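Peer 1: Following this message is one structure expressed as structure tokens.
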Amino acid sequence: MIKLNEEEKESNRENDFIVQFKDVTKIYSGTVALHKINIEVKRGEVHGIIGKNGAGKTTLVGIMSGIIDPTEGEIIIKGKKYRSISRQRAKKEGISIIPQESQVIPDLSVVENIFTPDYIRSWGNFINWKKMYSKIEKVIDESQININPYTRAGDLSISEQQLLLVLKACFIDNAQVIIFDEVSSSLTKKDEEVLYRIIREQKKKGKAILFISHSMEEILEICDLVTILRDGKVIAKEECACLDKDKLSYFIVGGEYNYKEHKVGEESGREEEKESNEIVLSVRNFTKFGAFQNINFDLKKGEVVGLAGLRGSGRTELFKAIAGIDLADKGWIKIGNEEKRFTDPAQALQNGIVYLPEDREKEGLIDILAVRENLTLSSLPCLLNKVKLINLEEEKKMATTLVERLSILTPSIEEEVKKLSGGNKQKVLMGKVLSANPIVYLLDEPTKGIDISTKKEILKIIKEELSRFAGIIMSSPGLEDLILICDRILVLHKGEIVGEFFEDKFKEIDLYRAVQGVRDKFVENN
Amino acid sequence: MERRTKVELFLLDNLIWLILAGYFLINALVTPRFFTYNNIINIFYHSTILGMLVLGQGLVLMTGHLDLSIESTLAFAPGIAILLTTKWVPGLNPIIAIILTLLIGALVGLFNGYCITRIGINAFLQTLSMLIILRGLVLYLIPLAIYGLDETYIFFGRARTFGNIPVAVFLMLGIFVLFDFVLKRTPFGRYLLATGGNARASYISGINTNKSIISAFVLAGLLASVAGLLAAGRQNAVNNTMGDGMVLLSFAGAILGGVSVSGGKGTSIGMLGGTLFLGMISNSLTLLGVNVFIVYALQGLLIFVALVLDRVKVKAEELLFRREMLKKLGISMKKD
Ligand SMILES: Nc1ncnc2c1ncn2[C@@H]1O[C@H](COP(=O)(O)OP(=O)(O)OP(=O)(O)O)[C@@H](O)[C@H]1O
Ligand SMILES: [Mg+2]
């Protein structure tokens, strides 16, 4: 009797599994992305996946959602076995994914994007727009994600595009498995909270959630259990309740790295050369209607200034206007001894301003060129020999050094960038900007998608090396990175600078309130 | 990586040359009169004109655009230059005629590039209208042909040097080698590829993408006028149908040579291989007595073959790497 009971339980548990992987292996040219992976996805459970850049997270969920074909192994969906599944099959089985590189159709509106390809139809098979609009408005109300459904999707910021896909997966597609591939990496704190709430609600509805992230806090907060991947293998599967950050980081990196909260750059003897008073960039009355107004600030050499703000606060727009990508309407910037307004990025680069874009796919990388060619793209003029030809030896050396310093995981420097994992692409982008040697760095979310071990290293490079010869302005969706390395933080709200905080007065709660637009006594108005 | 894999990868990268060599060997065995000194020279000689167009087209394709007008430029540039120096302003130095030819080609390219980048006209439509306009003008201005050109003007197209090798062959090889250098070793070449790979990202990286695109069109026009110079020289005449229909073959040659139609990829040496392959096919089939129109159709078929070939290449590469990986895994699995 007891035995039977157990068997029953066993089969019940089997029923709880929506998707199961048995010994799934994926071999790419140049890499073994997954090696004999076993994993189960269960109803009503939030399953975290964490691991270094290139560990195989995206490949794993790509196979599960039918985007990538596995080389070997078995996928079991609700008891049925498959060698590989097509995207259509995955959709039919209720598997939805919000991919790492957001994939909206830029020329369609938000509504169209959300309902493509399953438009609501009325009789006669006509698309029923009215119904779709009323549905989308209901969904937006319910989810409290603040997006205008009538804008063109291409005009949304990256984080908004990702939220759009979250809406689609959670409220429109009738999904049973929802996969989040680093969705929170570009979300601000406020959006993050909305996302967590949505995930918890979905969990209560009995959906299975797979949640990929590089943030240990986040994983520990919202996941029930976490699978840790390293070099394409499952290193551990643990209940989050019995984990802490130390243990988790040990699993992720494998003991070679000691996770400790400390302020980057504190122990290095950089203090004495700090605080030069040379101003490298001044921004005055800078205005772009509808994006930001009346921006005034100075940037000194050796200074790291943080730019904090909500989604839509105008951070990216401000960066782009300074770098001459989008034109400002009023005001000017001063670099060197001239007051000007750049009208194209080449001009800005010549004057010593380099911009690291927020959107690495569309604006950052040339993905069919090699890692080497991308890394040196902005610094070719420094790599010329006497007869103005590219010095290939020097170029190779530069690329190799950058690959090592930023721990870019790639089979060789000649690999096409499109074959790298998301985080490694971001590192290439970072490397490209590093090698340009400007006097002002504009870094728009530079560490997005980068794993814990390299992130520290990159923040350190920004703080200790870049700032030696240049001034830096950087933004980040969360405040932690900014607090860690900035000398000063400017808070943007609805396109205006509403607060300025100095290193000795960083208090997360005050900053957080300023970001939300609460003006109080800490705000030194300009 | 194993030595064998490396060699195989190298061969895959230069697949067109491998095919060329194979095709050459087969013909040397089966096609009568193919494997003779004169015929081989002939293949090269007959590839020179198309070669210039292939290279020009390839450069434009690399930036992510296309140029249909080059075949009309081929007739227009020498046509106007000759009319100018012999009919309109008689007695001008033939050297000036050569310079004018090149200048007109470059100007046509400049106009194309300018309209496409600054005014934002679609490249297909812009160069299509140019194709028709220039051909129309040539047909109007040159009712049939202008025969009997100056010695100096026909030098590049007609003269032969030691071993009876035409000057044009050296010119072509020189230009291809030069562009191989330009693409691999100069920032200009790198920016060209980057622009084709992702124009927006290149622009934000501080590359003057408009300049890259305009330059590609100027070079395409220039190379088309060189082709025109060679064609006029070979026939000792400027004929109003010169170059007619060659633009399609220019696509075939570029794609066979490994240029990506969506931009960002391609090498000059590859395009030389593509050109010679097209030349060799038409030569061997003619020797075998195949109808010229069938030869033309077959060359068209090669565009399709080229695209398939590209896929095959990617697949083969994957297989090679997979074999390598499995071997590595095998070793590591034994270890643990
Ligand atoms: N199309 C491809 N061709 C070749 N190799 C690939 C391809 N896609 C991924 N890879 C390789 O597979 C490995 C795993 O990649 P994957 O994208 O799954 O990593 P990830 O864990 O998602 O990393 P990240 O945190 O950076 O997003 C990487 O080493 C990557 O270089
Ligand atoms: Mg990933």
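The values are calculated or read from the model by the stated rules, or taken from the named source; none is laboratory data. Keep in mind the model is a prediction, meaning the values are calculated, not measured. Quick reminder, even Gly has a Cβ in these numbers, built from the backbone with ideal geometry, and neighbours come from all protein chains shown.
Peer 1: Is the range A:154-162 home to any residue that is out of contact with any strand residue (DSSP E or B) (no Cβ under 9 Å at 6 or more places or on another chain) and within 16 Å of ligand 2 (Cβ to nearest atom)? Can you show your working first?
Peer 2: Start the filter on the range A:154-162 by keeping residues that are out of contact with any strand residue (DSSP E or B) (no Cβ under 9 Å at 6 or more places or on another chain), which leaves A:154-161.
When the remaining residues are screened for being within 16 Å of ligand 2 (Cβ to nearest atom), the result is A:158.
Yes, because at least one residue in the range A:154-162 is out of contact with any strand residue (DSSP E or B) (no Cβ under 9 Å at 6 or more places or on another chain) and within 16 Å of ligand 2 (Cβ to nearest atom).
Peer 1: Then there's this: Which of the residues that make up the range A:67-104 are touching a Gly at 6+ places or on another chain (Cβ under 7 Å), surrounded by fewer than 22 Cβ atoms within 10 Å (Cβ to Cβ) and closer than 27 Å to A:I158 by Cβ?
Peer 2: Matches in the range A:67-104: A:I68, A:R87, A:E101.
Peer 1: Just to be sure I understand, how many residues within the range A:31-58 are within 14 Å of ligand 1 (Cβ to nearest atom), assigned to a strand (DSSP E or B) and among the basic types (K, R)?
Peer 2: Total meeting the criteria: 0.
Peer 1: Within the range A:129-147, is even one residue of a type in the set (F, W, Y) and more than 30 Å from B:F321 (Cβ to Cβ)? Working first, answer last.
Peer 2: Step one: of the range A:129-147, the residues of a type in the set (F, W, Y) are A:129, A:133.
Add one more test, that the residue is more than 30 Å from B:F321 (Cβ to Cβ), and what stays is A:129, A:133.
The answer is yes; a qualifying residue exists.
Peer 1: Looking at A:E339, is it more than 12 Å from every other protein chain (Cβ to nearest Cβ), surrounded by fewer than 21 Cβ atoms within 10 Å (Cβ to Cβ) and more than 24 Å from A:A399 (Cα to Cα)?
Peer 2: Yes.
Peer 1: Hey, does the range A:413-420 have a residue that's within 16 Å of ligand 1 (Cβ to nearest atom), farther than 26 Å from B:T186 by Cβ and of a type in the set (D, E)?
Peer 2: no
Peer 1: Where the second residue is assigned to a loop (DSSP other than H, G, I, E, B) and within 16 Å of ligand 2 (Cβ to nearest atom) and the first is within 29 Å of A:K78 (Cα to Cα) and lies in the range A:94-121, which pairs have Cβ atoms under 6 Å and are six or more apart or on separate chains?
Peer 2: Pairs that qualify, where the first residue is within 29 Å of A:K78 (Cα to Cα) and the partner is assigned to a loop (DSSP other than H, G, I, E, B) and within 16 Å of ligand 2 (Cβ to nearest atom), are A:I95/A:S65; A:I97/A:S65; A:Q100/A:E182.
Peer 1: If we keep just the residues of the range A:11-28 that are within 16 Å of ligand 1 (Cβ to nearest atom), more than 26 Å from A:M216 (Cβ to Cβ) and free of Cβ contacts under 8 Å to residues at least 60 places away in the same chain, which is farthest from the other protein chains (Cβ to nearest Cβ)?
Peer 2: A:T25
Peer 1: Given the options B:A252, B:A316, name the one that is within 12 Å of chain A (Cβ to nearest Cβ) and in a helix (DSSP H, G or I).
Peer 2: B:A316
Peer 1: Give me the pairs, please: first residue somewhere in the range A:409-425 and touching a residue at least 60 places away in the same chain (Cβ under 8 Å), second residue anywhere and near ligand 1 (Cβ under 7 Å from one of its atoms) and of a type in the set (F, W, Y), beta-carbon distance under 8 Å, and either six or more positions apart or on two chains.
Peer 2: Hits for this filter: A:K419/A:Y28.
Peer 1: OK, next. Out of A:T400, A:T447, report the one residue that is among the hydroxyl-bearing types (S, T, Y) and either part of a strand (DSSP E or B) or modelled with pLDDT of 95 or more (or both).
Peer 2: A:T400
Peer 1: Moving on. Looking only at the range A:69-87, decide whether some residue is farther than 28 Å from A:V32 by Cβ, more than 14 Å from chain B (Cβ to nearest Cβ), free of Cβ contacts under 8 Å to residues at least 60 places away in the same chain and assigned to a helix (DSSP H, G or I).
Peer 2: So in the range A:69-87, the residues farther than 28 Å from A:V32 by Cβ come out as A:78-79.
Filter again for more than 14 Å from chain B (Cβ to nearest Cβ), leaving A:78-79.
Filter once more, so that each one left must be free of Cβ contacts under 8 Å to residues at least 60 places away in the same chain: none.
So far as the range A:69-87 goes, no, none of its residues is farther than 28 Å from A:V32 by Cβ, more than 14 Å from chain B (Cβ to nearest Cβ), free of Cβ contacts under 8 Å to residues at least 60 places away in the same chain and assigned to a helix (DSSP H, G or I).
Peer 1: Within the range A:189-199, identify whether any single residue is part of a helix (DSSP H, G or I), touching a strand residue (DSSP E or B) at 6+ places or on another chain (Cβ under 9 Å) and more than 25 Å from A:I50 (Cβ to Cβ), and answer yes or no.
Peer 2: No: zero hits.
Peer 1: Give the range A:143-162 a look and list any residue that's outside any helix (DSSP H, G or I) and either farther than 17 Å from A:E363 by Cα or hydroxyl-bearing (S, T, Y) (or both), or say none.
Peer 2: A:Q144, A:I145, A:N146, A:I147, A:N148, A:P149, A:Y150, A:T151, A:R152, A:S157
Peer 1: Filter the range A:421-445 down to residues that are away from chain B (no Cβ under 12 Å) and of a type in the set (S, T, N, Q) and give me whichever is farthest from ligand 1 (Cβ to nearest atom).
Peer 2: Restricting to residues being away from chain B (no Cβ under 12 Å) and of a type in the set (S, T, N, Q), the top hit is A:N437.
Okay, residues lined up against (1) modelled with pLDDT under 95; (2) under 19 Å from the mean Cα position of the chain (by Cα); (3) assigned to a helix (DSSP H, G or I):
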site	(1), (2), (3)
B:V7	yes, no, yes
B:F10	yes, no, yes
B:I16	yes, yes, yes
B:L29	yes, no, yes
B:R33	yes, no, no
B:I49	no, yes, yes
B:M52	no, yes, yes
B:G58	no, yes, yes
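Peer 1: Then there is this: Among all residue pairs at least 6 apart or on different chains, which show Cβ distances below 8 Å where the first residue, located in the range A:363-387, is within 9 Å of chain B (Cβ to nearest Cβ) and the second is surrounded by fewer than 23 Cβ atoms within 10 Å (Cβ to Cβ) and among the β-branched types (V, I, T)?
Peer 2: The qualifying pairs are A:L380/A:I390; A:L383/A:I390; A:L384/A:I390.
Peer 1: Next up: From the set of residues in the range A:314-336 that are among the acidic types (D, E) and part of a loop (DSSP other than H, G, I, E, B), which is nearest to the other protein chains (Cβ to nearest Cβ)? Quick ask: steps written out before the conclusion?
Peer 2: Going residue by residue through the range A:314-336, those that are among the acidic types (D, E) are A:317, A:326, A:329.
With the extra rule that they be part of a loop (DSSP other than H, G, I, E, B), the set shrinks to A:326, A:329.
Values: A:D326: 11, A:D329: 20 Å.
Within the range A:314-336, the match that is nearest to the other protein chains (Cβ to nearest Cβ) is A:D326.
Peer 1: Find all pairs meeting these conditions: Cβ atoms under 8 angstrom apart; at least six residues apart or on different chains; first residue within the range A:179-191 and more than 23 Å from A:K91 (Cα to Cα); second residue among the basic types (K, R) and away from ligand 2 (no atom under 16 Å from the Cβ).
Peer 2: What qualifies is A:L187/A:R311; A:T188/A:R311; A:K190/A:R311; A:D191/A:R311.
Peer 1: Filtering the range A:417-452 down to residues that are within 13 Å of ligand 2 (Cβ to nearest atom) and in contact with a Lys or Arg (Cβ under 7 Å, 6 or more places away or on another chain), which residue is nearest to A:G51 (Cα to Cα)?
Peer 2: A:D451
Peer 1: Output yes when any residue across the range A:242-256 is over 23 Å from A:K448 (Cβ atoms) and modelled with pLDDT of 90 or more, and no when none is.
Peer 2: Among the residues of the range A:242-256, not one is over 23 Å from A:K448 (Cβ atoms) and modelled with pLDDT of 90 or more, which makes the answer no.
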